[in-house]
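Visitor: I have a structure I would like to understand better, so I am pasting it below and will then ask my questions one at a time.
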Amino acid sequence: MAESTFCGVGLKVEKDRQRNCFYIAGIAPGGPAERDGRIREGDVLLVITNKHKHVLGPGTDLEYVKKKIMGAPRSVCKMVLARPGSGKFEVALQRGAFTVATASSSASSSSSRPAQAATLAPTAPHGRLP
């Protein structure tokens, strides 16, 4: 297995079409979200704030959400999430490099997504993940 360095917060986000919301479907081992420890699988993603506030609604595209999570190394991604039974909470994570083992050595190509990395988020130029 090859290794690739990614930049992001280490979250797998999916869209629940029945509930019209985005939820956390996975957390990358060793990534900023796992190290922070506040986000859990099943949390609902409501808002992403970079330079601007992006409120996520039923018409929001999953690829748009993933692009808003991605950013430059050491930049901050602020998110408002909701946990069923616990209410809303805000998390600010610094994007950073972390290593994810992949099934392919072609992880640096933005058009070729390695199998395991695709389960975390889409690759961006230079093999970066949100």
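The values are calculated or read from the model by the stated rules, or taken from the named source; none is laboratory data. Model, not experiment: these values are computed from the prediction. Note that each Cβ is placed from the backbone with ideal geometry, even for glycine, and that neighbours are counted across all protein chains shown. In case anyone asks, the SASA skips ligands and DNA or RNA and just uses the protein heavy atoms, side chains included. Shrake-Rupley method; radii C 1.70, N 1.55, O 1.52, S 1.80 Å.
Visitor: Return the only residue of Glu41, Glu34, Glu14 being among the acidic types (Asp, Glu), surrounded by fewer than 13 Cβ atoms within 10 Å (Cβ to Cβ) and modelled with pLDDT of 95 or more.
Guide: That would be Glu41, the only listed residue that is among the acidic types (Asp, Glu), surrounded by fewer than 13 Cβ atoms within 10 Å (Cβ to Cβ) and modelled with pLDDT of 95 or more.
Visitor: Considering segment 23-47 alone, what residues qualify as being part of a strand (DSSP E or B) and under 11 Å from the mean Cα position of the chain (by Cα)?
Guide: Those that are part of a strand (DSSP E or B) and under 11 Å from the mean Cα position of the chain (by Cα): Tyr23, Ile24, Ala25, Gly26, Ile27, Leu45.
Visitor: Lys53 versus (1) over 16 Å from Lys88 (Cβ atoms); (2) open to solvent by 90 Å² or more (accessible area, probe 1.4 Å): which is the lone unmet condition?
Guide: For Lys53, the failing item is (1).
Visitor: Moving on to the next point. Report whether or not Leu93 is more than 15 Å from Cys7 (Cα to Cα), modelled with pLDDT of 95 or more, outside any loop (DSSP other than H, G, I, E, B) and in contact with a strand residue (DSSP E or B) (Cβ under 6 Å, 6 or more places away or on another chain).
Guide: Considered against the rule, which asks whether it is more than 15 Å from Cys7 (Cα to Cα), modelled with pLDDT of 95 or more, outside any loop (DSSP other than H, G, I, E, B) and in contact with a strand residue (DSSP E or B) (Cβ under 6 Å, 6 or more places away or on another chain), Leu93 comes out as no.
Visitor: Please find, within segment 56-100, the residue that is surrounded by the fewest Cβ atoms within 10 Å (Cβ to Cβ) out of those that are touching an Asp or Glu at 6+ places or on another chain (Cβ under 7 Å) and among the β-branched types (Val, Ile, Thr).
Guide: Thr99
Visitor: So is Lys66 modelled with pLDDT of 60 or more, on the phi < 0 side of the Ramachandran plot and assigned to a helix (DSSP H, G or I) or not?
Guide: yes
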